[in-house]
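A.B. asks: Before anything else, here's the structure in question.
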Amino acid sequence: MYEKLRQPDFDRYRKPEALSLFLSAGEIDICRPFAPWQLPEEPTWREDPHGDDTWGLYYHALGWMIILDHGIDNAPNAETRSACSGRLEHLLFSYLRHVVETPEEEVHRMLWFDHATAWRASAIAYLYQRRFKDKASPDETALFRAAARRHEEKLREFIESGRWNANNHGIFHAEALWDLVQVFEGPDDGLAEIALGHMRNVFSNMIDFEEGVCREQSIYYHLFDASLLADSARYMEGFGVEVVPGYKEILARMLDFFHAFCPQGEFLQSIGDTQFGKKPDSRLLQNISSAAPHWELAGGEHPSDPTLRTFPRNGYYFFREEANGNSPSSFAILIDKPYHGAHGHADGGSFMLNRGGEPFLVDSGGPYAYGKRLRFNYFKAAEAHNVAILDEKSQNYLTRVTAISQAKLGNSVRLETVDLEGTTWQRTAVSLRGGTFVLIDRFLKGPADIVDVLFHLSPTIDVTQLSDSTRRLKGEESFIDVWQASNAKLKTTLNSGEEGFPRGLLTRDLAKVEPGPVLSTRLRANDTWLVTVLGNAASPPLVQTLYGGKLVRVMTYAEQAMAVDCSLDNHSLPPRIYSFRTH
């Protein structure tokens, strides 16, 4: 029976090296990036060596007790195996008494944190079923059951609150409740039905089954949630239950989205709570692929032409152009924000760009250290993204797409803010054959006085000013020239680090930050426009306004002479893209 239980994250601790570390030094590796920790002989269960909520989460999830469970069967000799058994029994009963007897307001702040509660409930169910069910005394069994009831109460609170209805934590809650019902016999008051119903509800809210996209608005969590669906499907199949009908086809669509989003596959685009420069987790990909072995990568019929993949319900627009002649491949992302996801950031309208497989315009990444102010006032805020900031104040806003066009010479997407406190920001993103991208930003009259248009750069990029209006972004293998024009006076600055505005920071790890360059262009916010051209043209672009300022024309001189006519007064009209040598 115990083999069928969920066993969340147990593989982190069920390793020979984890057991060896504990037996040789009495230390446990609770979670990275924190150093292994000396386990006290008599824990108070209020230990907090790093003052960090993430460490506290994993400590109170109790998964680390699986090191001792593993030692009972795998320690090098009978004496050590017996010692592991005795230590596990002592620690587990000590923790159970602490949970049952200590008022909630007196325990460590992370003990009843929802994630810790759910994984701990599954750990308690597993350890009871495997090690204690047949040998526990009546008093010990009563303690297990009292702890189980306490966890059932908390899990039902989490489920009934509705807070995690579109969040992977909601799955943890439901699976933990299911584990408790399976192990601790007796009337369950319909708890099994509650658990199963909640699993299905959360998956349907957390994943767009039709588009195959995670709605938590994070690329890391896209893979995590797909793997979670694969795990949950196998887990519930062990009990004869199909948790999500047709889940294999859903996983195939999620794989297709991932490969469209990360075409080189070398690193994850750091959208939402996704660390900068993070490589795809091969274990997650293998787990998903093994559950959905038959999937096909979708894409355009003409790979040499600019290709636009759209996932409109969830706000992802991918521009891709393959290498052609002297032009390296290009891949760009425009983010629409039709809703706020559980692991999303204030990044509506953000534009990211890779060239030749190298990141140029990037996202700052996340998450940064749960509970830390910098996580919320920077990494999740608009300032950490390639967006427009009004009056130096990050705001949480939504956007909507107003027009999309796809053609042989280029593609475009237009979007605008929905609720930016009285000021409307409109952005048009255009990809042109030859690897040139055009961004046209417009700011309608409102209460804001100034606006800063930000471009966060990869730390590998060197910036050189070629003229008042042009800067060269030099990467390791290629370069991009950034040329700007406006109907207002422009002031462009380059900043990095925590000082000044805008801040430029990146996070590659859960609790570490590093400076990252950010290019900022400031202009007036009332009835102004800004054109940004990103490409490798030998001659600077030409920008004109026509029809009394109602239309802006951008003429570029790359491998082909291309022009974009973009209406400023009708944002639902797609730009016209053409070659002006034959026009």
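The values are calculated or read from the model by the stated rules, or taken from the named source; none is laboratory data. Quantities reported herein were computed from a predicted structural model and do not represent experimental measurements. We place every Cβ from the backbone using ideal geometry, glycine too, and count neighbours over all the protein chains shown. Quick note on the areas: whole protein, heavy atoms, side chains included, nothing else; ligands and nucleic acids left out. Shrake-Rupley method; radii C 1.70, N 1.55, O 1.52, S 1.80 Å.
A.B. asks: Would you confirm whether or not the stretch 336-346 contains a residue that is within 25 Å of residue 512 (Cβ to Cβ), in a loop (DSSP other than H, G, I, E, B) and among the hydroxyl-bearing types (Ser, Thr, Tyr)?
C.D. replies: no
A.B. asks: Okay, next question. Could you tell me whether the stretch 389-396 includes any residue that is farther than 21 Å from residue 567 by Cα, touching a residue at least 40 places away in the same chain (Cβ under 8 Å) and of a type in the set (Val, Ile, Thr)?
C.D. replies: yes
A.B. asks: Let me ask something else about it. Pairs under 9 Å by beta carbon, first residue at negative phi and crowded, with 17+ Cβ neighbours inside 10 Å in the stretch 151-167, partner part of a loop (DSSP other than H, G, I, E, B) and among the polar types (S, T, N, Q), six or more apart or different chains?
C.D. replies: 159/165
A.B. asks: Here is a check on your reading of the model: is residue 515 surrounded by 16 or more Cβ atoms within 10 Å (Cβ to Cβ) and either under 28 Å from the mean Cα position of the chain (by Cα) or at pLDDT below 95 (or both)?
C.D. replies: Against the criterion (surrounded by 16 or more Cβ atoms within 10 Å (Cβ to Cβ) and either under 28 Å from the mean Cα position of the chain (by Cα) or at pLDDT below 95 (or both)), residue 515 does not qualify.
A.B. asks: Let me ask another. Could you tell me which of the residues 543, 552, 564, 531 is in contact with a Cys (Cβ under 7 Å, 6 or more places away or on another chain), crowded, with 17+ Cβ neighbours inside 10 Å and not acidic (Asp, Glu)?
C.D. replies: 552
A.B. asks: For the stretch 374-385, which positions are open to solvent by less than 30 Å² (accessible area, probe 1.4 Å) and of a type outside the set (A, V, I, L, M, F, W, C)?
C.D. replies: Passing the criteria: 375, 378, 383, 385.
A.B. asks: What is the residue count in the stretch 127-141 for residues that are open to solvent by 30 Å² or more (accessible area, probe 1.4 Å) and assigned to a loop (DSSP other than H, G, I, E, B)?
C.D. replies: Going through the stretch 127-141 one residue at a time, the tally reaches 4.
A.B. asks: Against the conditions (1) in contact with a helix residue (DSSP H, G or I) (Cβ under 8 Å, 6 or more places away or on another chain); (2) closer than 26 Å to residue 368 by Cβ; (3) at pLDDT 95 or above, where does residue 217 fall short? Just the number, please.
C.D. replies: So the condition that residue 217 fails would be (1).
A.B. asks: Next up: Here are the criteria: (1) touching a residue at least 24 places away in the same chain (Cβ under 8 Å); (2) closer than 28 Å to residue 371 by Cα. Tell me which single one residue 104 does not satisfy.
C.D. replies: Checking residue 104 against (1) touching a residue at least 24 places away in the same chain (Cβ under 8 Å); (2) closer than 28 Å to residue 371 by Cα, the one that fails is (1).
A.B. asks: Looking at (1) at negative phi; (2) of a type outside the set (Asp, Glu); (3) out of contact with any His (no Cβ under 7 Å at 6 or more places or on another chain); (4) surrounded by 14 or more Cβ atoms within 10 Å (Cβ to Cβ), which is the one condition that is false for residue 24?
C.D. replies: Of the numbered conditions (1) at negative phi; (2) of a type outside the set (Asp, Glu); (3) out of contact with any His (no Cβ under 7 Å at 6 or more places or on another chain); (4) surrounded by 14 or more Cβ atoms within 10 Å (Cβ to Cβ), the odd one out for residue 24 is (4).
A.B. asks: In the stretch 386-449, which strands (runs of 3 or more DSSP E) lie fully inside it and hold 2 or more residues that are out of contact with any Cys (no Cβ under 7 Å at 6 or more places or on another chain) and open to solvent by 50 Å² or more (accessible area, probe 1.4 Å)?
C.D. replies: In the stretch 386-449, the matching strands (runs of 3 or more DSSP E) lie at 399-406.
A.B. asks: Given 371, 348, which one is in contact (Cβ under 8 Å) with a residue 24 or more places away in the chain and open to solvent by 40 Å² or more (accessible area, probe 1.4 Å)?
C.D. replies: 371
A.B. asks: Still on this structure, I have one more. Would you mind stating whether residue 224 is crowded, with 24+ Cβ neighbours inside 10 Å, among the aromatic types (Phe, Trp, Tyr) and outside any strand (DSSP E or B)?
C.D. replies: Answer is no for this residue.
A quick yes/no check of all residues on (1) over 30 Å from residue 372 (Cβ atoms); (2) without any contact (Cβ under 8 Å) to a residue 24 or more places away in the chain; (3) open to solvent by 40 Å² or more (accessible area, probe 1.4 Å):
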| position | (1), (2), (3) |
| --- | --- |
| 18 | no, no, no |
| 41 | yes, yes, yes |
| 62 | no, no, no |
| 65 | no, no, no |
| 75 | yes, no, no |
| 79 | yes, yes, yes |
| 91 | no, no, no |
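A.B. asks: Here are 296, 237: which of them is at pLDDT 95 or above, exposed (fewer than 15 other Cβ atoms within 10 Å of the Cβ) and more than 18 Å from the chain's Cα centre (by Cα)?
C.D. replies: Only one candidate passes the filter, namely 237.
The rows are residues; the columns are (1) among the hydrophobic types (A, V, I, L, M, F, W, C); (2) in contact with a Phe, Trp or Tyr (Cβ under 8 Å, 6 or more places away or on another chain).
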| residue | (1), (2) |
| --- | --- |
| 238 | no, no |
| 249 | no, no |
| 255 | yes, yes |
| 263 | no, yes |
| 269 | no, yes |
| 276 | yes, no |
| 284 | yes, yes |
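A.B. asks: So for the stretch 304-319 (the condition being modelled with pLDDT under 95 and touching a His at 6+ places or on another chain (Cβ under 7 Å)), does at least one residue qualify?
C.D. replies: Among the residues of the stretch 304-319, not one is modelled with pLDDT under 95 and touching a His at 6+ places or on another chain (Cβ under 7 Å), which makes the answer no.
A.B. asks: Does residue 200 fit the bill of being in a helix (DSSP H, G or I), over 21 Å from residue 229 (Cα atoms), open to solvent by 30 Å² or more (accessible area, probe 1.4 Å) and in contact (Cβ under 8 Å) with a residue 40 or more places away in the chain?
C.D. replies: It is false that residue 200 is in a helix (DSSP H, G or I), over 21 Å from residue 229 (Cα atoms), open to solvent by 30 Å² or more (accessible area, probe 1.4 Å) and in contact (Cβ under 8 Å) with a residue 40 or more places away in the chain.
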